[in-house]
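The values are calculated or read from the model by the stated rules, or taken from the named source; none is laboratory data. Note that this is a predicted model, so its numbers are computed, not measured. Don't worry about glycine lacking a Cβ; one is built from the backbone with ideal geometry, like all the others, and counts go over all protein chains shown. Keep in mind that these areas ignore ligands, DNA and RNA; they rest on the heavy atoms of the full protein, side chains included. Shrake-Rupley method; radii C 1.70, N 1.55, O 1.52, S 1.80 Å.
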Amino acid sequence: MKEFCCEYMDYHANFNCDIHKNPYDCPDNIIIFYEKSNDYGIIIHDGGSSRIEINFCPWCGKKL
Ligand SMILES: [Zn+2]
Ligand SMILES: [Zn+2]
């Protein structure tokens with residue numbers, strides 16, 4: 001399993017909602033992580049699948 005920089009990122013990157021199958025549909029889901037490309041993003045809840053790519057952890061500040 002992937003090791004994340006901190007427990008916050010671990011929690012949010014692995015966040016799974018029972019109600020919303022699509023992570024972009026869930027208002028509680030704020031981080032999207034693509035393991036294949038090691039790509040982190042903050043989900044923009046505009047009804048589509050927008051995200052802002054991030055290179056540093058918003059919680060601990062480490063490089064992602
Ligand atoms: Zn972190
Ligand atoms: Zn949800």
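If a residue must be among the hydrophobic types (A, V, I, L, M, F, W, C) and on the phi > 0 side of the Ramachandran plot, how many such residues does the range 12-64 contain? Talk me through it step by step, then tell me what you get.
Restricting attention to the range 12-64, the residues satisfying the condition of being among the hydrophobic types (A, V, I, L, M, F, W, C) are 13, 15, 17, 19, 26, 30-33, 42-44, 52, 54, 56-57, 59-60, 64.
From what's left, on the phi > 0 side of the Ramachandran plot: none.
So the answer is 0.
Confirm whether ASN16 is of a type outside the set (Val, Ile, Thr), more than 16 Å from ligand 1 (Cβ to nearest atom) and in contact with a Phe, Trp or Tyr (Cβ under 7 Å, 6 or more places away or on another chain). If you could, list the steps in order and put the result at the bottom.
Working: of a type outside the set (Val, Ile, Thr): yes; more than 16 Å from ligand 1 (Cβ to nearest atom): yes; in contact with a Phe, Trp or Tyr (Cβ under 7 Å, 6 or more places away or on another chain): no.
In short, no.
Does the range 24-40 contain any residue that is open to solvent by 40 Å² or more (accessible area, probe 1.4 Å), of a type in the set (D, E, K, R) and more than 16 Å from ligand 2 (Cβ to nearest atom)?
In the first step, residues of the range 24-40 are kept if they are open to solvent by 40 Å² or more (accessible area, probe 1.4 Å); the result is 25, 27-28, 30, 34-38.
Those still in the list that are of a type in the set (D, E, K, R) too: 25, 28, 35-36.
Pick out the ones that are also more than 16 Å from ligand 2 (Cβ to nearest atom) and you get 35-36.
The answer is yes, given that some residue of the range 24-40 is open to solvent by 40 Å² or more (accessible area, probe 1.4 Å), of a type in the set (D, E, K, R) and more than 16 Å from ligand 2 (Cβ to nearest atom).
Quick one: is LYS63 of a type in the set (Lys, Arg) and at pLDDT 95 or above?
Details: of a type in the set (Lys, Arg): yes; at pLDDT 95 or above: yes.
It is true that LYS63 is of a type in the set (Lys, Arg) and at pLDDT 95 or above.
Looking at LYS21, LYS63, which one is of a type in the set (Lys, Arg) and within 16 Å of ligand 2 (Cβ to nearest atom)? Give the derivation first.
Numbers: LYS63 fails: within 16 Å of ligand 2 (Cβ to nearest atom).
Just one listed residue meets the conditions, LYS21.
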